[in-house]
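Undergrad: Please see the structure below; I have some questions.
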Amino acid sequence: MGKRGPAKGHGGRPRKSVSNKLLEGNPGKRAIRVINNTDINICDDIDIIPKTLSLQGADIYVRTVAYLRRVKCENIVNPMLIEQFALNRQRWLEVETLMDKWELDTDIPKISELYQNQMRKTWGEIFEIVNDNCTEKIDLDCADDLDGLLSS
């Protein structure tokens, strides 16, 4: 007999973010679990820019930390995840610059696509943490928040 239903952990209705529960008035009447940012202290060293990043990667790292501070989630996101996002974005931008300068073999667009996919995956993890735990409504149309990080 084959597998039936969705994979474990992927079935059912997606969870609502804390901000949506607070806005809608909690119709389920369950206690809303809000993470107290002061209790968690994952990121003591979030202000230390990793040495693996170039100048461009360090700028991406600083802007990502500034975004997380703006939405008050800098204590929840692991600094290694931010570093991974900045490194993938830095490498993707470097490959894109190479593609603009020279028309090389067909492997460069594949490499660019791989870095872009990794970058989007790590940003998705960061944004999922922010969306699930942020008590304020996140405006996805806000130009200064996401456009600076995801476009250049």
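The numbers here are math on the coordinates, done by the rules we state, and not lab data. Bear in mind that the values here come from a model prediction, so they are computed numbers and not experimental data. We place every Cβ from the backbone using ideal geometry, glycine too, and count neighbours over all the protein chains shown.
Undergrad: Where does each of 61-67, 92-98 land if you order them by average Cβ count within 10 Å, highest first? Could you put the intermediate results ahead of the total?
TA: Numbers: 61-67: 18.1, 92-98: 16.4.
By packing density, highest mean first, the sequence is 61-67, 92-98.
Undergrad: Still on this structure, please answer the following. Roughly how many nanometres apart are two label points built 7 Å out from the Cα toward the Cβ at R69 and A7?
TA: 3.7 nm
Undergrad: How high is the FRET efficiency between N78 and T52 when r is their beta carbon distance and R₀ equals 22 Å, given to the nearest 0.05? Before the final figure, lay out the partial values.
TA: Numbers: r = 15 Å, r/R0 = 0.70.
Calculated transfer efficiency: 0.90.
Undergrad: In whole Hz and in residue order, list the ³J(HN,Hα) couplings for segment 115-120 that follow from phi through the Karplus curve 6.51 cos²θ - 1.76 cosθ + 1.60, θ = phi - 60°; x for Gly and Pro.
TA: With the stated coefficients, segment 115-120 comes to 5, 5, 5, 5, 5, 5 Hz.
Undergrad: Ranked from highest to lowest mean number of other Cβ atoms within 10 Å per residue, what is the order of the peptides 74-86, 111-123? Mind showing how you got there, number by number?
TA: Details: 74-86: 19.8, 111-123: 16.4.
Descending mean neighbour count gives 74-86, 111-123.
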